[in-house]
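Undergrad: Quick one: the structure is below, questions incoming.
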Amino acid sequence: MLTLESAVYSFDKNNAPIAHAADGDIVRFITQDCFGNQIKTEADHEDDLDFTHTNPATGPLYVDNADAGDVLAVDILDIQVADQGVMMTLEGYGALWPTCEVRTKIVPIRDGYAHFNDVKWPIAPMVGVIGTAPDGEPVPSGYSFNGGGNMDSRLIRKGATVYFPVRVPGALLAMGDLHATMGDGEVCETGIEITGEVLVRVRVIKDFKLNWPVTETEDFWFVNTNGRTCDIAIRRGYEEIQRLVMDAYGWDATDTTFYLSAQARLEANQAVLDENETDEEGDTFRVGVPKLSSKPRLIP
Ligand code: ZN
């Protein structure tokens, strides 16, 4: 089995692949935390960070036979995390920053639980940064875009499959930024940031149009989108899920809109509510519909 360890700091068609995989291969990605493993204790703060080495994404992996216009399916087979995670307030960031002080919090992980002050909860490890390379300008791996990146969906966990548009030969898959748990919205801009490893299977679906990444869970399909404002991000999600449902179910736009209005889910991936200048800095959302056994899959 392939094991990948070295990281890049952008999704970039010019990043040299560190390995090649065939359609159907299982690959292990060993990942640093979003701070590049620089924060070790509660005495370490934002000022101690070298920001050129934050949000590392392990990869990129070149998947043979994946070409522009295809879709790369990534089955998340397993996620293992370390025995300690870190949370941090970042000066000036997040809706609640005005009420906070600069603080680093180490969160021990023991027996499958995150231990926080005098409470604990079960971990639910997820992949924050995951994506394929854009065909245009590079995107820093701390940002999100229509090929994925820092989408921060807590549904990208063991058992899920994530589908990505392939825009360059080989797709150039990279991932990192695991969280032991993350709340929807990730209001302070960090979940329980943690090192670990992700076991995935990569599959190529030839000639299928996808404008944004899609997460398939046990019972739902979710389109993941971003935008400079929440309105823009959510609108993109509605438009893409409408297109996918129309194509799969053979309904027109109006009936599909009725269906979404009656059955869709709209959830926040990351919604920290900062003012943004670009889409890539913006918040990320997911819009979903239930999987129906009587209808075709949204993605074959
Ligand atoms: Zn993170």
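Laboratory data are not the source of any read-out in this text; all were calculated from the coordinates shown. Everything quoted here is computed from the prediction, not taken from an experiment. Cβ coordinates were reconstructed from backbone atoms using ideal geometry, including for glycine residues, and neighbour counts include every protein chain displayed.
Undergrad: When a/c reaches 1.5 or more, the comparison of a/b and b/c decides; with that in mind, is region 177-258 rounded, prolate or oblate per its Cα gyration tensor?
TA: Values: a/c = 2.54, a/b = 1.48, b/c = 1.72.
In terms of gyration-tensor shape, oblate.
Undergrad: Report for region 2-213 the percent antiparallel among DSSP-assigned beta bridges with both residues inside it, nearest 5. Provide the component values of the computation, followed by the final result.
TA: Values: 52 of 58 bridges.
Within region 2-213, antiparallel bridges account for around 90 percent of the total.
Undergrad: Starting with the highest mean, order 266-275, 29-38, 247-256 by the number of other Cβ atoms within 10 Å, averaged over the residues of each peptide. Before the final figure, lay out the partial values.
TA: Values: 266-275: 18.5, 29-38: 22.7, 247-256: 13.5.
The densest-packed peptide leads the list: 29-38, 266-275, 247-256.
Undergrad: Next question, about the same structure. Please compute the contact order of region 1-41 in relative form: average sequence separation of alpha-carbon pairs under 8 Å and at least six residues apart, divided by the residue count, as a percent. Please report the intermediate quantities before stating the final value.
TA: Numbers: 25 pairs, mean separation 22.0, N = 41.
Taking the mean separation of contacting Cα pairs over the length of region 1-41, I get 54 percent.
Undergrad: Let me have the 222 nm mean residue ellipticity of the chain computed from DSSP H runs of 4+ only, each contributing -39500 (n - 2.57), with the sum over all residues rounded to the nearest 500.
TA: On the way: 2 runs with 31 residues, N = 300.
Computed ellipticity for the chain at 222 nm equals -3500 deg cm²/dmol.
Undergrad: Taking neighbour counts of Cβ atoms within 10 Å as a proxy for exposure, in what order, fewest first, do T104, T58 appear? Write down the numbers at each step before the final one.
TA: Working: T104 19, T58 27.
Exposure proxy ranking, most exposed first: T104, T58.
Undergrad: Let me ask another. For a quick check: sort M87, M175, M126 by the number of other beta carbons within 10 angstrom, fewest at the front.
TA: Values: M87 20, M175 29, M126 26.
With the fewest neighbours first, M87, M175, M126 line up as M87, M126, M175.
Undergrad: I'd like the Kirkwood hydrodynamic radius of the chain, using the inverse of the mean 1/r over distinct C-alpha pairs, in Å.
TA: After inverting the mean inverse Cα-Cα distance, the result is 19.3 Å.
Undergrad: Using Cα pairs under 8 angstrom and six or more residues apart, how large is the relative contact order of the chain, in percent?
TA: 23
Undergrad: Based on other C-beta atoms within 10 Å, arrange S6, S153 from fewest to most.
TA: Final ranking by Cβ density, sparse to dense: S6, S153.
Undergrad: What order do you get for 72-79, 281-288 when each peptide is scored by the mean count of other beta carbon atoms within 10 Å, highest first? Write out the running numbers ahead of the final one.
TA: Numbers: 72-79: 21.4, 281-288: 24.9.
Sorting 72-79, 281-288 by mean packing, highest first, produces 281-288, 72-79.
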